[in-house]
Amino acid sequence: MSIPSVHPNPTTSRRRREEAAQRPIASALPLDGEHVLSINESHERCAALGLSRIGAPDYTPLGRADFTITRERNRRLFAHAAPVMELLFDQIVKTQSMVVLTDAQGTILHSIGDEDFLEKAGKVALAPGVNWAECTKGTNGMGTALVDETAVLVHADEHFMHANHFLTCQAAPILDPRGNILGVLDVSGDRRGYHQHTMGLVKMSARMIENHWLNDDFSDALRLHIHPRMEFIGTLLEGILAIDRDGRLLGANRSALDLLGMSGAALRMHTVASLLGTPLGAIVDRGRALMGAPMRMALPNGQTVHVQARCNWPLWPGQWTGTGGGARDAGTDGATATLAAEEEDSPTPPAATARDTVLRSSRPATAVEGGATAEATPEPEVTFARLLTGDLQVESLISKLKRVLDRDIPVLILGEAGSGKEMLARAIHRESRRAHRPFISVQCASTPEAQLEAELLGYAEGVFPGARRKGAVGKLVQASGGTLFLDEIGGLPLGLQARLLRVLQERQVTPLGALQPQDVDLALIGATDRNPRELIDTHRIREDLYYRLNGLAVKLPPLRERSDLMALVRRLLADEAPGAQLMLAADVEALLQRYDWPGNLRQLANVLHTAAVMAAGETVITREHLSDDFLEEALLRATPASGTAAASASGAARAPAAGIDSSGKTLEELEREMIRHAVDAADGNISVASKRLGISRNTIYRKLRWREPE
């Protein structure tokens, strides 16, 4: 007897899937209760946001211009992380996995992986430019690590969305020395290839990036390397404390914060004397007497640790101001806080221990096309003098700022995206009396409202599901004594604007869920690329808050209106390749001067960075060193006055352009018509047309909406 086939009812199947989606997670892995609790809390957050477990996620990547801005904003993070990612991938190669780096908002900046896994990863867009924040992609390693601010494993059906159930993800946040999240390092792979040791590799790699960052931030500071076991000093497990010449604690790596049992903000309220019970000068003296060997000290929690003091050679000029001890003129007598046991006549300064030498030789490198790398150079200090490159508008702006410096007058910086608003804000901070205290930057427009409120105000322990167990210090408190920079103030929610206004008036902030207010003393700098009056008229910003922020408004000119373009180019090239004396070819210089720079200074710096890397070993930057997308855009976006010169520079492109009627047409229509003329003039030969126009074949197909033949 034949058995009739049964076709499931689509409605019933859908209902069963939805019911299954509501059931608590029961992981197939032997995991502890805290992990299960974390995953269930994440699922509750996703359900509260209205995310669908069975719907198709939005995998649309950022547009090219937005991704360029995001990548440039995180250029330093990428420089530190790229070589570490390569090392990590070497440990997991051939495991159906990939290594992923995101920024602090969850947008993927870089990824490398096994060839046979990349196709699967492509189905869920594990690719640069795609955002994997928990609020858009549900529970996942990268997004949930950003929310929990701790290392996270999300395996198989622990992912909120069914589309991601084939994955196993192990992610760890990357923190700066002040405890702020820079991004996330993640290993994602086929769930069948899960290995429990991968998480350890991810955590160690994240700490390696953090230690590189700390050493860069505080290269001229005294660093105390601490651990309860002497043999762990000099390894990735050691704690590192950075200390200024007055004995104040500037920052620490995660291992140090774990050992001390305190947050970065709490740590910075201490001095060496209050933390270790010993004045800074005495620590230096004891270190010298021990010839660089670790010292035994007691932490405030009673734990005994071994401490080794180090810094780069030579130490600061002048005197130690840490009280109670000798070493009063470390810059004069040649003593250093590393106090290593090398001979005084050694050609290598005593501070350059074997470990320090390795750290310097393994400085993070910026990856470039073809797998080559270029050594990352420290970013120059931003000062008013550095910003003066000959433009009268900028000179007038800085002259105004100097008059209100340290007068408790808020500054509002106006200017297009990429024009250097944050750079100017950092220069104001650096020139002020608050320069030795924190500069805290907040991106108001790109942060969800609830997250932004928690970031600014901070929150008490257990105030909402998924909150950090011990609460969190808000950025208003973190910036106390220093400067708070609010970028894109029009992105502040109106409710939060009211709370911020009260904070500015009363100089006190009450964290979410807390009862007692905390005093804050900060300088405030706001910025926007919108017209302030338009923001007020459209109710994007409260008028009373605007006038509280607008003590002095200054407008940064866009790059196309500045007269110092070539001076900026020379300075940026000198920063990219110190001592190399890089020059531009005449046609490249003309091209840069004709271009209207819609991305302003950020775009210029990105273009020159790429060109300098491509021209490594050469002294002249030519068109061959420019990226293809910029070159084609620069040729097409030449200013009207220089259209003839642009056509001449592109050779045979003059002929097709000559027959184009430009009346009443948009720029996009003119571009397409010029490309069609070039293709017709080349008898349909796309390769010939692309050479004549100076653009790629893919650009022609994209502009004309054609598909390239298989």
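The values are calculated or read from the model by the stated rules, or taken from the named source; none is laboratory data. What you see is a predicted model, and the numbers here were worked out from it, not measured in a lab. Note that each Cβ is placed from the backbone with ideal geometry, even for glycine, and that neighbours are counted across all protein chains shown.
Being hydroxyl-bearing (Ser, Thr, Tyr), more than 18 Å from Asn550 (Cβ to Cβ) and modelled with pLDDT of 85 or more is the filter here; which residues of the range 454-500 pass it? Lay out the reasoning, then the answer.
Residues of the range 454-500 hydroxyl-bearing (Ser, Thr, Tyr): 459, 480, 483.
This time we only want the ones that are more than 18 Å from Asn550 (Cβ to Cβ), so: 459, 480.
Ser480 - this is the single residue of the range 454-500 that is hydroxyl-bearing (Ser, Thr, Tyr), more than 18 Å from Asn550 (Cβ to Cβ) and modelled with pLDDT of 85 or more.
Any idea which residue in the range 136-190 is nearest to Phe89 (Cα to Cα), counting only those that are among the hydroxyl-bearing types (Ser, Thr, Tyr) and surrounded by 24 or more Cβ atoms within 10 Å (Cβ to Cβ)? Show your work before the answer.
Restricting attention to the range 136-190, the residues satisfying the condition of being among the hydroxyl-bearing types (Ser, Thr, Tyr) are 136, 139, 144, 150, 168, 188.
Filter once more, so that each one left must be surrounded by 24 or more Cβ atoms within 10 Å (Cβ to Cβ): 139, 144, 168, 188.
Details: Thr139: 24, Thr144: 22, Thr168: 16, Ser188: 11 Å.
So the residue we want is Ser188.
Would you mind finding the one in Ala678, Ala652 that is of a type in the set (Gly, Ala, Ser) and at pLDDT below 65?
Details: Ala678 fails: at pLDDT below 65.
Going through Ala678, Ala652 in turn, just one is of a type in the set (Gly, Ala, Ser) and at pLDDT below 65: Ala652.
For the range 208-237, name all the residues that are of a type in the set (D, E, K, R) and either more than 20 Å from Ala172 (Cβ to Cβ) or at pLDDT below 90 (or both). Full working, then the answer.
Within the range 208-237, the first condition is being of a type in the set (D, E, K, R), and the residues that meet it are 210, 216-217, 220, 223, 229, 231.
Passing the criteria: Asp216, Asp217, Asp220, Arg223, Arg229, Glu231.
Each row is one residue, and each column tells you yes or no for (1) surrounded by 17 or more Cβ atoms within 10 Å (Cβ to Cβ); (2) hydroxyl-bearing (Ser, Thr, Tyr); (3) out of contact with any Leu (no Cβ under 9 Å at 6 or more places or on another chain).
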residue	(1), (2), (3)
Ala65	no, no, yes
Leu77	yes, no, no
Thr107	yes, yes, no
Leu118	no, no, no
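For the range 501-598, give me every one of the helices (runs of 4 or more DSSP H) that falls completely inside it and has 2 or more residues that are more than 30 Å from the chain's Cα centre (by Cα), surrounded by fewer than 19 Cβ atoms within 10 Å (Cβ to Cβ) and at pLDDT below 90. Please lay out each step first, then the result.
Values: elements: 532-537, 543-549, 565-576, 586-594.
Per the criteria, 532-537, 543-549, 586-594.
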